[in-house]
Amino acid sequence: MVTDSEKIKQFDPDGKWQSFVSSAPAVLVACANPHDTWERYDENDQRWVLDTSAAIENILIAMHALGLGAVWTLSFSKNIVRKVCSIPKHWQIISIVPFGYYDAESDVNKRMRPRRPLEEVAFLNDAETPFS
Ligand SMILES: Cc1cc2nc3c(=O)[nH]c(=O)nc-3n(C[C@H](O)[C@H](O)[C@H](O)COP(=O)(O)O)c2cc1C
């Protein structure tokens, strides 16, 4: 968890990635150590990506329940974040999650993102029968 604003500002010094990261009051840096995982895992499975992703999703839901706004973010420089936070080489940086209290009055937060109909994304018994 990064709360040091000087460090957070360094994540995107030239504004090349995502501007909301630099202005976030806190940023979660989600990492996995592939060598510290269930030993029966085959490292090639990269299950640590799935494990960490599941943790990120759970954290997002918990943050939402606390009234916080957060964005799962993959568009950032891993090299910079690794350096700024002294993250060991053998840890994989999976994603970062900038978060804070969101502006409920902002248009962006009032707009509901469009959803594709269920039958376009879910199927029953085979991949040709839309689920309805
Ligand atoms: C793996 C992953 C990476 C993402 N990276 C970014 C990102 O770099 N920038 C961003 O604004 N949102 C990012 N998002 C958030 C998505 O754009 C989107 O807001 C989020 O998945 C919720 O989507 P939905 O409203 O369609 O359910 C990412 C989401 C995921 C799952």
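The values are calculated or read from the model by the stated rules, or taken from the named source; none is laboratory data. These numbers come from a predicted model, not from an experiment. With ideal geometry, Cβ positions are generated from the backbone for all residues, glycine too; neighbour counts draw on all protein chains shown.
Of everything in the range 48-75 that is more than 10 Å from the ligand (Cβ to nearest atom) and outside any helix (DSSP H, G or I), the residue that is surrounded by the most Cβ atoms within 10 Å (Cβ to Cβ) is 69. Residues in the range 76-89 that are away from the ligand (no atom under 14 Å from the Cβ) and surrounded by 11 or more Cβ atoms within 10 Å (Cβ to Cβ): 80, 82, 83, 84, 85, 87.
Residue-wise test of (1) of a type outside the set (Asp, Glu); (2) under 18 Å from residue 26 (Cβ atoms); (3) in contact with a strand residue (DSSP E or B) (Cβ under 6 Å, 6 or more places away or on another chain).
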site	(1), (2), (3)
53	yes, no, no
92	yes, no, yes
107	no, no, no
117	yes, no, no
128	no, no, no
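Selection of the range 14-47 for residues being part of a helix (DSSP H, G or I) and either closer than 21 Å to residue 85 by Cα or at pLDDT 90 or above (or both) yields 19, 20, 21, 22.
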